[in-house]
Each structure stands twice: as C-alpha cells, then as structure tokens.
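J.: Would you mind keeping the following structure in view while I ask a few things?
The values are calculated or read from the model by the stated rules, or taken from the named source; none is laboratory data. Given the structure is predicted, the values throughout are model-derived calculations rather than measurements. FYI the Cβ positions are ideal-geometry reconstructions off the backbone, even for glycines, and counts take in every protein chain you see. We work out accessible area using only protein heavy atoms, side chains counted, and drop any ligands, DNA or RNA first. Shrake-Rupley method; radii C 1.70, N 1.55, O 1.52, S 1.80 Å.
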Amino acid sequence: MLENLRAAILVPDIRKRVGFVLFAFAAFVFMIHVQLPDVDEATWQQMLAGGSFYNFLGFLSGGALQKLSIIAMGITPYINASIIMQLMTVVLPQLEEMAKKGGEEGRKRISQYTRWLTIILALVQATTMTTAMRNAHVFYDSSLLFQIYAIIALVSGTLFLMWLGEQITDKGIGNGISLIIFIGIVLRYPVYVAQTVQAGQKDSLNVGGLVIFTAIALFTIVSIIFMYQGQRRIPVQQARRVVGRKMFAGRSSFIPLRLNNSGVISIIFAISILLLPQQALSWFQHSTVAPTYAHLGFLELPSNAPAVSLAFETYFSPNSFLYNLAYFVLVVVFTFFYSSVVVNVKDIADNLKKSGSFIPGIRPGAPTEEYIKRILLRITTVAAIYLGLLAILPSTLQHALNVTTFYLGSTSLLIVVGVALDTMTQIEARLAMRDYKGFIKR
C-alpha cells in the first residue's frame, strides 16, 4: 500500500487528482465555519444535548450541525435520494430499463432525477429543522421571513456538497460523496480525543477500560477489512466453441459474490429509524423545545406526549436491552433487503445462459438461479449477523467499560475503512492502467 501511495505521488496525473481531493476537503472545512446568523448558541447546544438524532446528523456532517453552519444537514438528503432511486429502479420497470439499456444517457437522466429528489428531501428536512428551532427560540429573529432564509441557506449548503462530491468523482479519485462523508467523520475524531483527555484530567476515565476498548476497536478494523474484501467465488466454465475447423477449449472463471453487499447502508437505515421517533418525542417533552403546531389549525399538541416521551426514553434508551435488540433486528432485516436489491440473481443466471457459460454440475437457467440464491442467502446471513453485532458492540462496550467519549464507532469505522479501501483500489487501478499504456507504447 505504501509503495502504491509513493507511486501515486510521483505520477503527475494521479498527484493532480489527489491534490484536487485535498482542495475539496479544505473547501468542506471552510464551509463548516460559515454559520447562520442570529443564532442563540446556548439554546442550540441545549437542544442538541436533548436528542441523539441530532448527534447522528452532526456525526455525518463533520460537526457542521453543532456549529449550525449552512452545511448543517450534510449530504444526508442526497444519500437518502440515491437509496430511494436505487430501490425505485428495482420497483419501476421504466427506470430499470433506463438503467440497464439506456447507456450513458440513461444514467445521466437517473442522476438528474436523484438531484431533483435531493432538493425535495432537503426542503422537507430543512423545514422540519428550522420549525423546531424557531419554536425552541434558537433564532433571535423568529419571523417567518428569517425561517425561509434559513431554509434556503441549509438547502443551498446541501446542494453545494452534492456538487462538490460530483466534482471530486470527476476530477479527483474515488467516490466524491463517500469521501465527503469520510472527511466529515475524520474531523470529529480530534473532538473525541479531546473529550477523552478531559475525562482523564478529571480522573473520571477508566484507563483499563479504554485500553480494552482500543484493542477491540483494532480487532474490529481487521474484521471489517476481512468482511469488506471477502468474496465467495462461484466457479464458471465456458462451453467449448467451434470456429471454422478449429475448436477452442472453454475457459474457467468465477462469479465474485461479496460477503457484505449492503455496506454501511443497513446500519444507517436502522439507526435513523430508531433515533427519529426518539427525537420527535423529545420535542414534546420540554415546553422550551416543543414545536407548537396549533397555529396550523390541523395539528394540536398531544396531551400525553410528555408521558410517552418519558416512557420511551426510560425503556428504549440507547443503552437499554430493547433498543439494542431492535437495532440488531433492523440491521439484519435491512442487510437482507438491500442485498436482494443490489444482487440480481435472475440477471446473473440469464447472462450466463446467453454467453454459453455454466456452473459445473448445475444446469443453466432456473437451477443456476436457485443455486446462486442459496449461496447468497448463506453469505448474507453471515454478513447480517456480523453487521448486527458490529452495530450494538460500541454502545455495549462503552456501557460495560465506562468509556463514553466515542459516538457510533461501528458506523464510523465501517465507513472510514470502506472508503479508504475503495480509494486505494482506484489508485491501484489507475497505476495499473498507466503501466499497461506504457507497455503498449514500448
């Protein structure tokens, strides 16, 4: 890996692309400090402290939410829009045909649909956030005109990040959106380290627990790499071909099925579903942060909302058994669901049949499809259980070892390691392509 990094620095084209990525990271850091005006910092920090959902959004935005900058929503609306479009591609035949047979033009149209859906989701999220903040008196200016200004600013920040991610993909190395999430997570680690040091200075840090926690984190990184790079290779034999008077022997290859086809999507989906009701109920628990909808005329404040919120936080807190059980089940369910969306077994079987290839010992057509389905079910079961355990591991360890300075370690580790591996793979591919071109010239 170090040799590839050294070679990448020496190659002018790759060095230029890496430089553009670093410049984009600098622009992202600069935008974090471009804050909305007329914000009551004390009230905003109090509101953040009362909701884990805000902590999750801040975790993905590199701390922009804590500073309430114009990119406070991060790239989350674009991620949700991309996931929705992927699911719609499977559900709607028109989009499926556009993605498979539309070529470059079809992909561009789907990308355009994703951008429009991002704007819609960003508007909904910005309206919800600003309404809650306005009712909590986070803004010194509580007028409707200022709220509209804040909505436009937040949506524009998200669209800027979307544009920046696309520029990184075109002019840099790696997937731009993934790299923006990557740098957002990495920027939060100095804050976590500072919190750990402060806890140590106050003699409230369990040093032995921190050492064990660090060792388990290192082991977790190794297991993530193994799971991310792991493949189940199904052998494929190509039938013999007769061309004129010559007979060509069939070649052997394989179908690589990844162990983890869902990546980090299943964990993000699961925690979003778990934290959103908790955040919504917390708005009703305290009158200072409870959004009042009476002026809308069709939605009144529930009279039993504080009691429901208190019961929810008591029996469904992030460290409770019910919360971790639900978290584990949701991660497993979403892993199976997303794997079935990403891997189209029927298309694989049809393509093998059309190309004259077959799996040794398995007849082409429906038997091949059933065989691949069985293998996919086995490896997805392993991946789902692993991701489920990985999701609940940090909170369990933090509670058991009294180390509570790190937030959502499983998701951060999975994203950071996955994006780093993808980026290194693309650098290696560009280096190999460069060497291949040089060989042709000679």
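J.: Restricting attention to the range 340-357, which residues are among the β-branched types (Val, Ile, Thr) and in a helix (DSSP H, G or I)?
T.: Val341, Val342, Val345, Ile348
J.: Within the bounds of the range 81-89, is there any residue that is in contact (Cβ under 8 Å) with a residue 12 or more places away in the chain and either closer than 30 Å to Gln45 by Cα or not in a helix (DSSP H, G or I) (or both)?
T.: Within the range 81-89, one or more residues are in contact (Cβ under 8 Å) with a residue 12 or more places away in the chain and either closer than 30 Å to Gln45 by Cα or not in a helix (DSSP H, G or I) (or both).
J.: Say whether the condition of being farther than 30 Å from Gly19 by Cβ and more than 18 Å from the chain's Cα centre (by Cα) is met by at least one residue in the range 111-118.
T.: Checking the range 111-118: at least one residue is farther than 30 Å from Gly19 by Cβ and more than 18 Å from the chain's Cα centre (by Cα).
J.: Might you check whether a residue that is at pLDDT 80 or above, polar (S, T, N, Q) and open to solvent by 30 Å² or more (accessible area, probe 1.4 Å) occurs anywhere in the range 396-418?
T.: For the range 396-418, residues at pLDDT 80 or above, polar (S, T, N, Q) and open to solvent by 30 Å² or more (accessible area, probe 1.4 Å): absent.
J.: Tell me the residue from Val18, Val34, Val39 that is within 16 Å of Ser178 (Cα to Cα) and either at pLDDT 85 or above or touching a strand residue (DSSP E or B) at 6+ places or on another chain (Cβ under 9 Å) (or both), please.
T.: Val18
J.: Quick check on the range 141-151. Is at least one of its residues over 21 Å from Val29 (Cβ atoms), touching an Asp or Glu at 6+ places or on another chain (Cβ under 7 Å), at pLDDT below 90 and not aliphatic (A, V, I, L, M)?
T.: Within the range 141-151, one or more residues are over 21 Å from Val29 (Cβ atoms), touching an Asp or Glu at 6+ places or on another chain (Cβ under 7 Å), at pLDDT below 90 and not aliphatic (A, V, I, L, M).
J.: I've got another one for you. Restricting to the range 230-260, and then to whatever is closer than 26 Å to Thr425 by Cα and exposed (fewer than 14 other Cβ atoms within 10 Å of the Cβ), can you tell me which residue is modelled with the lowest pLDDT?
T.: Looking at residues that are closer than 26 Å to Thr425 by Cα and exposed (fewer than 14 other Cβ atoms within 10 Å of the Cβ), I get Ser252.
J.: Can you tell me how many residues in the range 340-379 are of a type in the set (D, E, K, R), open to solvent by 70 Å² or more (accessible area, probe 1.4 Å) and more than 12 Å from Leu257 (Cβ to Cβ)?
T.: Qualifying residue count, the range 340-379: 5.
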